[in-house]
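Have a look at the structure below, then the notes.
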Amino acid sequence: MLTLLSMFYYICLRRRSRSGTRGEALTSRRAVESGQRAVLPVSVEVEQYAKEVLDFSSHYGSENSMSYTMWNLAGVPNVYPSSGDFTQTAVFRAYGKWWEQCASTPPPFRCTPKSFHSQDYIELGFEEPVYPTAVEVLETYYPGAIVQILACSHNPFSQNPPTDVRWEVLWSGEPTKMLTPQARQFSPNIKHINFPTNLLRLEVNSSLLDYYTELDAVILRGVKERPMLALYKMPVIDISDLSDSEEELSDLGGPFRQGGDGKQGNGYFDKLPYELIQLILSHLTLPDLCRLAQSCKLLHHHCCDPLQYTQLSLQPYWARLSDASLGHLQSRCTLLQRLNLSWTGNRGALTLPGISSFLKACGLSLVCLELSCCHFLNEACLEVISQTCSELQELNLSSCDRLHPQAFTHISKLTRLRRLVLYRTKIEQTSILNILTFCIELRHLNLGSCVRIDDCDVVASMLATRCRSLRSLDLWRCRNLTDRGLAELVSGCRMLEELDLGWCPTLQSSTGCFQHLARRLPRLRKLFLTANRTVCDADVEELATGCPSLQHLDILGTRLVSAASLKKLLRACPRLLLLDVSFCSQVDMRVVQELCGLFPNVAIKKSFTQ
Amino acid sequence: MWCVADGVGGWRDYGVDPSQFSGTLMKTCERLVKEGRFIPSNPVGVLTKSYYELLQNKVPLLGSSTACIVVLDRHSHQLHTANLGDSGFLVVRRGEVVHRSDEQQHYFNTPFQLSIAPPGAEGAVLSDSPDAADSSSFDVQLGDIILTATDGLFDNMPDYMILQELKKLKNTNYESIQQTARSIAEQAHVLAYDPTYMSPFAQFACDNGLNVRGGKPDDITVLLSIVAEYTD
């Protein structure tokens, strides 16, 4: 009786504490004492802001600044409850469907599970491990991007190496589109887990948003003692959680390994042509294939056919993928052409022996390898890749920011490369020049936020002489490209269709570099001149004359562009879809509304800070 | 840590609010300090970082400002300062100035300044690197008075007048410090509009061959602090 009474007390108090105002919420810690100490252990609800940003896949800001970087997500809020586009928040690199429309973006992998929406992530460490009771995210601009919140069993601040790392989904949902860009406090109902955590991961999908989402702070609430389960709702057992469980991914060898001879006694299945069954199976996701393989010898044989594994995206299963599961897949991936290991293998899940054995068995015909945020990669791994995957045409190493500069030299052996993404890596001048010397078939190159490249003019000039079929080049936040480099680039690489020169402060319009660019690149479809304060009317008019195929243009943050030249551009470029004129002081909201009325097919963006 | 920044008024002609630059600069400094992203003994670093953050803003900021940053390090009992331009500080011990900032000017009435110039006008606008800031470290004692102010004060009140005012400060409680700071600022304000008064500014002008009398009307900011025992 006494126990029941105290439970009742506890629930009441918890509820009251949850419904507290924000003022209360900001006090760093609050104790919710149970009514009767003698019966229940003291349940202290701890409330904490993130202590440290541990890892993330992309951000808008620069590597050596705070503005618009993911590091802003640590600590107390800076903007909330205000709304708007502020430097003090965490902003990802992309939003909407603009980036997917570009030729530089590869087609999606086949058979990605429908429940996997994540495009970007951030991992946050908190001071004290707790059993989470609530997670609150303060979203201060265009909310709605968060699609998944996960908790990890590993304490990121402990000295011990991670062992038996478990990730549990606390909440997941569909990407949403809010009707307003207004700030909100997002606090979904979370699943209760049976381990304490101080490592959270937020995964986002910004594809439905009208502009960059901005996150201000994350609050983790929880209790230190393991809560009595009766006090909570029983965790809802999610089918998708079960389906991707480790056992199934690692079953892949299974009891039917020898069973190739399933020709008889399979009823109608025997009458179906082999190819037809293969076609049906080709629509299944990896866990479904693994599950089906356990049903009978015939289907096991079908499910192990290497033709089912010419494209393999293991990114949705990043939390469970290990050397062992990769090993199980090995025998059936001998015809593998496209492999996505992005986000996988961290905290010791994949190792050099594991990955090299897999690549040696399955990497011979590989043409595309996605390795974004794979922090298990080291120089030896890249050496194995460069020696084994000689057919490789696409390599994505974006945000592999712990990879040693020396490691990149091995890429130059992959002479067939057509697409290379090195966004947010430590690649240095010599390595990139080396790569450009040998990889002359490059079509798409992303060197965004590669802060260790000392002289981008030399890189541009090398591109102009060696890689003449270059279609897209991303130099976002390159701090040393000048008009000389740009002039050489556009003279040599006349096929360029996409050029990202956002936040390249050393480019000065007064040199005529942008007008020269507009005259030299008639195929240009995407041009980002973000935050180049010198972009002027003459540049925009030259673009209108020289680049009729323009689809995406970003000239955020210049004071020198007027409504008149924009109108000229909008008339001359009928394929224009995106025009960002945020913080262009001559183009106010009234002008934007007028232009939107005249050109309804163009998304004209005008961000605000209030 | 505390700091003053004085926006340069000439930017009004460009349709720019001169306080936007100095205000954002100070807010950024504040944030760096609050989040612990600074080294107390390196106030120039704070200034450099803040200035760099201004360039990282999507908003195309324009303007220029002088700045004076003072950090009091509780543990080492030291004062670390960075000063760029003609704002400055005084450390007063037992009625005497024992340490002060140097005024940094390119030429008469043209202080060193941090600035972001509009495109095309880079050559025409004075722009000093934050590294040009003068830095110093100084051992302080209990009871030392630290006065930090913009040139609006120093151009209108000579040291002896400031010291006279500071002598009136008997208590170290918040109210009397506030009162003294206010009275110094008010007195400077009165002098600034006195056409016959021979202000330090006028004297300096005379030294530069300009026949000027009277005070110098300008924005005046005064911060007053006293080194005291640390109590939680």
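Against the conditions (1) away from chain B (no Cβ under 14 Å); (2) small (Gly, Ala, Ser); (3) surrounded by 17 or more Cβ atoms within 10 Å (Cβ to Cβ), A:Ala103 satisfies every one except (3).
Scoring A:Ala183 on the criteria (1) open to solvent by less than 10 Å² (accessible area, probe 1.4 Å); (2) more than 17 Å from A:Ile149 (Cβ to Cβ) leaves a single failure, condition (1). The residue list A:Arg520, A:Arg525, A:Arg571 contains one member that is more than 14 Å from every other protein chain (Cβ to nearest Cβ), among the basic types (Lys, Arg) and in contact with a helix residue (DSSP H, G or I) (Cβ under 7 Å, 6 or more places away or on another chain), which is A:Arg520.
Within region A:568-585, being at pLDDT 95 or above and part of a loop (DSSP other than H, G, I, E, B) holds for A:Cys573, A:Pro574, A:Arg575, A:Leu576, A:Leu577, A:Val581, A:Ser582, A:Phe583, A:Cys584. Mind listing whichever residues of region A:519-549 are open to solvent by 40 Å² or more (accessible area, probe 1.4 Å) and either assigned to a loop (DSSP other than H, G, I, E, B) or of a type in the set (Val, Ile, Thr) (or both)? Passing the criteria: A:Pro522, A:Arg523, A:Arg525, A:Arg533, A:Thr545, A:Pro548. Look at (1) surrounded by fewer than 19 Cβ atoms within 10 Å (Cβ to Cβ); (2) of a type in the set (Val, Ile, Thr); (3) closer than 13 Å to A:Leu326 by Cβ and you find that A:Thr388 fails only one, number (3). In region B:173-190 there is at least one residue that is at pLDDT below 90 and outside any helix (DSSP H, G or I). Within region A:283-312, residues that are under 17 Å from A:Lys114 (Cβ atoms) and in a loop (DSSP other than H, G, I, E, B) have Cβ atoms under 9 Å from residues that are of a type in the set (A, V, I, L, M) and open to solvent by 20 Å² or more (accessible area, probe 1.4 Å) in these pairs: A:Leu284/A:Leu292, counting only partners at least 6 apart in sequence or on another chain. Screening region A:362-401 for residues that are part of a loop (DSSP other than H, G, I, E, B) and among the polar types (S, T, N, Q) and picking the one that is farthest from A:Ile453 (Cα to Cα) gives A:Ser365.
Whether a residue is touching a strand residue (DSSP E or B) at 6+ places or on another chain (Cβ under 9 Å), open to solvent by 70 Å² or more (accessible area, probe 1.4 Å) and farther than 16 Å from B:Phe89 by Cα was assessed, and B:Tyr193 passes this test. Restricting attention to region A:487-513, the residues that are more than 12 Å from chain B (Cβ to nearest Cβ) and in contact (Cβ under 8 Å) with a residue 60 or more places away in the chain add up to 2. Applying the criterion of being under 16 Å from the mean Cα position of the chain (by Cα) and open to solvent by 10 Å² or more (accessible area, probe 1.4 Å) to the residues of region B:87-105, the residue that is nearest to the other protein chains (Cβ to nearest Cβ) is B:Gln104.
Inspect all residues belonging to region A:153-164 and state whether any of them is under 18 Å from the mean Cα position of the chain (by Cα) and either crowded, with 22+ Cβ neighbours inside 10 Å or among the hydrophobic types (A, V, I, L, M, F, W, C) (or both). No, region A:153-164 contains no residue that is under 18 Å from the mean Cα position of the chain (by Cα) and either crowded, with 22+ Cβ neighbours inside 10 Å or among the hydrophobic types (A, V, I, L, M, F, W, C) (or both). Do the conditions hold for A:Gly222, that is, is it within 19 Å of A:Lys51 (Cβ to Cβ) and in contact with a Pro (Cβ under 9 Å, 6 or more places away or on another chain)? So A:Gly222 passes the test. A:Asn601 meets each of the listed conditions (1) open to solvent by less than 60 Å² (accessible area, probe 1.4 Å); (2) away from chain B (no Cβ under 14 Å); (3) of a type outside the set (Phe, Trp, Tyr); (4) assigned to a loop (DSSP other than H, G, I, E, B) apart from (1).
Of all residues in region A:43-98, those being in a helix (DSSP H, G or I), hydrophobic (A, V, I, L, M, F, W, C) and within 14 Å of chain B (Cβ to nearest Cβ) number 2. Over 27 Å from A:Pro107 (Cα atoms), of a type outside the set (A, V, I, L, M) and free of Cβ contacts under 8 Å to residues at least 60 places away in the same chain: does that describe A:Gln278? For A:Gln278, the condition - over 27 Å from A:Pro107 (Cα atoms), of a type outside the set (A, V, I, L, M) and free of Cβ contacts under 8 Å to residues at least 60 places away in the same chain - is not met. Among the candidates A:Thr21, A:Thr27, the residue that is open to solvent by 50 Å² or more (accessible area, probe 1.4 Å), touching a strand residue (DSSP E or B) at 6+ places or on another chain (Cβ under 9 Å) and at pLDDT below 95 is uniquely A:Thr27.
Set side by side, the residues A:Arg424, A:Arg418 differ, and just one is within 22 Å of A:Thr310 (Cβ to Cβ) and buried (at least 17 other Cβ atoms within 10 Å of the Cβ), which is A:Arg418.
Take the conditions (1) in a strand (DSSP E or B); (2) buried (at least 19 other Cβ atoms within 10 Å of the Cβ); (3) among the aliphatic types (A, V, I, L, M); A:Ala134 misses just one of them, which is (2). Can we say A:Ser565 is within 14 Å of chain B (Cβ to nearest Cβ), part of a helix (DSSP H, G or I) and not hydrophobic (A, V, I, L, M, F, W, C)? Considered against the rule, which asks whether it is within 14 Å of chain B (Cβ to nearest Cβ), part of a helix (DSSP H, G or I) and not hydrophobic (A, V, I, L, M, F, W, C), A:Ser565 comes out as no.
Set side by side, the residues B:Ala132, B:Ala82 differ, and just one is small (Gly, Ala, Ser), in contact with a strand residue (DSSP E or B) (Cβ under 7 Å, 6 or more places away or on another chain) and surrounded by 23 or more Cβ atoms within 10 Å (Cβ to Cβ), which is B:Ala82. Of A:Leu359, A:Leu336, all but one fail to be crowded, with 22+ Cβ neighbours inside 10 Å, assigned to a loop (DSSP other than H, G, I, E, B) and touching a Cys at 6+ places or on another chain (Cβ under 7 Å); the exception is A:Leu336. Report yes if B:Ser115 is in contact (Cβ under 8 Å) with a residue 24 or more places away in the chain, within 17 Å of the chain's Cα centre (by Cα) and open to solvent by 30 Å² or more (accessible area, probe 1.4 Å), otherwise no. No; evaluated as a whole, the condition is false for this residue. Just need a number here: residues in region B:45-79 that are more than 14 Å from chain A (Cβ to nearest Cβ) and open to solvent by less than 20 Å² (accessible area, probe 1.4 Å). Number satisfying all stated conditions: 10.
I'm trying to understand the selection: among the residues of region A:530-562, which are farther than 18 Å from A:Asp85 by Cβ and within 14 Å of chain B (Cβ to nearest Cβ)? Within region A:530-562, A:Thr534, A:Val535, A:Cys536, A:Asp537, A:Ala538, A:Asp539, A:Leu560, A:Val561 meet the criteria. For the residues A:His552, A:His516, the requirement of being surrounded by fewer than 21 Cβ atoms within 10 Å (Cβ to Cβ) and of a type outside the set (Val, Ile, Thr) singles out A:His516.
Looking across region A:87-102, just one residue is within 17 Å of A:Pro143 (Cβ to Cβ) and in contact with a Lys or Arg (Cβ under 9 Å, 6 or more places away or on another chain), and that is A:Gln88.
Residues in region B:26-44 that are away from every other protein chain (no Cβ under 13 Å), hydrophobic (A, V, I, L, M, F, W, C) and crowded, with 17+ Cβ neighbours inside 10 Å: 2 in all.
The values are calculated or read from the model by the stated rules, or taken from the named source; none is laboratory data. Worth saying up front: this structure is predicted, and the values here are computed from it rather than measured. Every residue, glycine as well, gets a Cβ built from its backbone with ideal geometry; the counts of neighbours run over all protein chains shown. Side chains are part of the model used for accessible areas, which takes the heavy atoms of the whole protein and leaves out ligands, DNA and RNA. Shrake-Rupley method; radii C 1.70, N 1.55, O 1.52, S 1.80 Å.
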